[in-house]
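Heads up: the structure comes next, in structure tokens.
The values are calculated or read from the model by the stated rules, or taken from the named source; none is laboratory data. Since the structure is predicted, the reported quantities are computational estimates derived from the model, not experimental observations. Virtual Cβ from ideal backbone geometry, glycine too; neighbours counted across all protein chains shown.
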Amino acid sequence: MRRLLLTATAAAVAALTLTACGTTEPAADDAKKTTGKPITLTDASGKKVRLDGPAKKVVGTEWNVVESLVSLGVDPVGVADVKGYKTWDTAAPLKNAPKDIGTRGEPSMDAIAGLSPDLIVATSDLPPAAVKQLRRVAPVLELRPADAADPIGRMTENLDLIAEATGTTQRSAKLKKGFEAKLAEGRKKLAGAGLAGAQYAFADGYVTSNQVSIRPFTSGSLVGAVNEKLGLKNAWKVKGDKSYGLGATDVEGLTALRDDVQFAYIGNDGDKSSAPFTGALAKDKVWTSLPFVKKGNVHRLPDGVWMFGGPASLNQYIDSVVEALTK
């Protein structure tokens, strides 16, 4: 999975001692909904997921899932790659010390089973055989993590499903309302700075075996959809994949971008292979000769903004874009 390349060099994380039981702590206006009545949901696989009541001991196998749980007031008992989550997704910090259940691509069934969860929230990025194994441990809410045809709609639908499963639907509504307000605020600020319709190219990059790869976020990506909602014009001409809307190019491919483009990226000092724009490319003649590089129209957005997250990460992203382009 191309998305997993972002953290391919992250160090393996030792299992953490579970020092606090994960619980669902519904907002005050959700408390009346947490009645213990049975819940039946249909997940992305079309399977019925039946719960005795709002799930309280929840495991998340993917970071966007974990972010949604934390944003909804749910402290997950198990999280895949805890260290990676803390490095790449700072918008919704973990409030407890969940068990590290292994990697996002290969969670430990034994570690998850040992937690006796009420619910496992997974995504279809996991192999079907792994999801089948998880269903033997506990009910599994399988989500489709991304959809290039409607990135924002997919994100909010997943948030709502998790909220239904955990009895936090009113909190979900507040998160979505806050996200829409943040979009409107960001769009207004960019327009006020004369940036409505500005050419904008967002990417990330990584270094593997001394080779630099650049990953454009097309209009079908979640970040790309947010950019267009902000009134920016996506400058990428490459085609993205059907799920995440991510393309692939190299340094030479950047020469296709217009001279007036604003180029932005996210790296992470916690993962040295993830920021080639200030590392491996610093002395690259193609990179340094690009007009937008010469003009200083290259913006490194803050570390820890997860480009595949939920409202919390996207609000953080919007603030960082507005600040970068208007300063």
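For the reader, a short list of remarks on this structure follows.
- Condition check for ARG144: farther than 23 Å from GLU228 by Cα and at pLDDT 95 or above: no
- Residue satisfying all of: in the stretch 46-86; part of a strand (DSSP E or B) and within 14 Å of LEU143 (Cβ to Cβ); nearest to the chain's Cα centre (by Cα) among these: GLY60
- Of the strands (runs of 3 or more DSSP E) lying entirely inside the stretch 117-210, those containing at least 2 residues that are among the β-branched types (Val, Ile, Thr), surrounded by 19 or more Cβ atoms within 10 Å (Cβ to Cβ) and on the phi < 0 side of the Ramachandran plot are 119-123.
- Residue check, ASP269 surrounded by fewer than 14 Cβ atoms within 10 Å (Cβ to Cβ), in contact (Cβ under 8 Å) with a residue 24 or more places away in the chain, in contact with an Asp or Glu (Cβ under 9 Å, 6 or more places away or on another chain) and within 25 Å of ASP319 (Cα to Cα): yes
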